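The values are calculated or read from the model by the stated rules, or taken from the named source; none is laboratory data. Since the model is a prediction, treat every value here as computed from it, not as a measurement. Note that we place each Cβ from the backbone using ideal geometry, even for glycine, and neighbour counts take in every protein chain shown.
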């Protein structure tokens, strides 16, 4: 059976990349521990965000979006991201034989 999940995140811009490279060790955990945030690449563009299982109620995505934006603000306090900056991608897991 094919499974899929969703990724919600923001594009990693050069400014965000620099903030990730220079942040303190506490903030670094927010993108090195997948319990918080993960990176995901789509067509050569890297994104920072969170994987969620498909099938959640819509209000759950609002909570996830707010959590993502809050963690990114801790990593890059000089950058401003809004919900409109978030993108959603589907990731399909194909069964192995």
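Does the range 43-70 hold any residues that are surrounded by 12 or more Cβ atoms within 10 Å (Cβ to Cβ), assigned to a helix (DSSP H, G or I) and in contact with a helix residue (DSSP H, G or I) (Cβ under 9 Å, 6 or more places away or on another chain), and which are they?
Once the filter is applied, which keeps residues that are surrounded by 12 or more Cβ atoms within 10 Å (Cβ to Cβ), assigned to a helix (DSSP H, G or I) and in contact with a helix residue (DSSP H, G or I) (Cβ under 9 Å, 6 or more places away or on another chain), the range 43-70 yields 65, 69.
What's the number of the only condition in (1) surrounded by 11 or more Cβ atoms within 10 Å (Cβ to Cβ); (2) over 12 Å from the mean Cα position of the chain (by Cα); (3) not in a strand (DSSP E or B) that residue 91 fails to meet?
Unmet for residue 91, out of (1) surrounded by 11 or more Cβ atoms within 10 Å (Cβ to Cβ); (2) over 12 Å from the mean Cα position of the chain (by Cα); (3) not in a strand (DSSP E or B): (3).
Of the residues 62, 53, only one is more than 19 Å from residue 33 (Cβ to Cβ) and more than 10 Å from the chain's Cα centre (by Cα); which? Before the answer, list the steps.
Details: 53 fails: more than 19 Å from residue 33 (Cβ to Cβ).
None of the others qualify; the one that does is 62.
Restricting attention to the range 1-25, and to residues there that are within 15 Å of residue 81 (Cα to Cα) and part of a strand (DSSP E or B), which single residue is nearest to the chain's Cα centre (by Cα)? Steps first, please.
Taking the range 1-25 and keeping what is within 15 Å of residue 81 (Cα to Cα), we get 8-17, 19-20.
If we keep only those that are part of a strand (DSSP E or B) too, we end up with 8-11.
Values: 8: 5, 9: 4, 10: 6, 11: 9 Å.
Once the filter is applied, the top-ranked residue is 9.
Read through the list (1) within 19 Å of residue 92 (Cβ to Cβ); (2) at pLDDT 95 or above, then give the number of the only condition that residue 72 fails.
All conditions are met except number (1).
If I go through the range 6-19 residue by residue, how many of them are within 24 Å of residue 61 (Cβ to Cβ) and in contact with a helix residue (DSSP H, G or I) (Cβ under 7 Å, 6 or more places away or on another chain)? Quick ask: steps written out before the conclusion?
Here is the first cut: in the range 6-19, the residues within 24 Å of residue 61 (Cβ to Cβ) are 6-13, 16.
Right, trim to in contact with a helix residue (DSSP H, G or I) (Cβ under 7 Å, 6 or more places away or on another chain) and you get 8-10.
Number of matching residues: 3.
Determine which single condition residue 28 fails, assuming it passes every other condition in (1) surrounded by fewer than 18 Cβ atoms within 10 Å (Cβ to Cβ); (2) in contact with a strand residue (DSSP E or B) (Cβ under 9 Å, 6 or more places away or on another chain); (3) in a helix (DSSP H, G or I).
Going through (1) surrounded by fewer than 18 Cβ atoms within 10 Å (Cβ to Cβ); (2) in contact with a strand residue (DSSP E or B) (Cβ under 9 Å, 6 or more places away or on another chain); (3) in a helix (DSSP H, G or I) one by one, residue 28 breaks only (2).
Run down 73, 19, 11 and say which single residue is without any contact (Cβ under 8 Å) to a residue 24 or more places away in the chain and surrounded by 12 or more Cβ atoms within 10 Å (Cβ to Cβ). Give the derivation first.
On the way: 19 fails: without any contact (Cβ under 8 Å) to a residue 24 or more places away in the chain; 11 fails: without any contact (Cβ under 8 Å) to a residue 24 or more places away in the chain.
It is 73.
Tell me, please, whether a residue that is part of a helix (DSSP H, G or I) and free of Cβ contacts under 8 Å to residues at least 12 places away in the same chain can be found in the range 77-86. Working first, answer last.
Keep residues of the range 77-86 that are part of a helix (DSSP H, G or I), which gives 83-85.
Filter once more, so that each one left must be free of Cβ contacts under 8 Å to residues at least 12 places away in the same chain: 84.
Yes: the range 77-86 contains one or more residues that are part of a helix (DSSP H, G or I) and free of Cβ contacts under 8 Å to residues at least 12 places away in the same chain.
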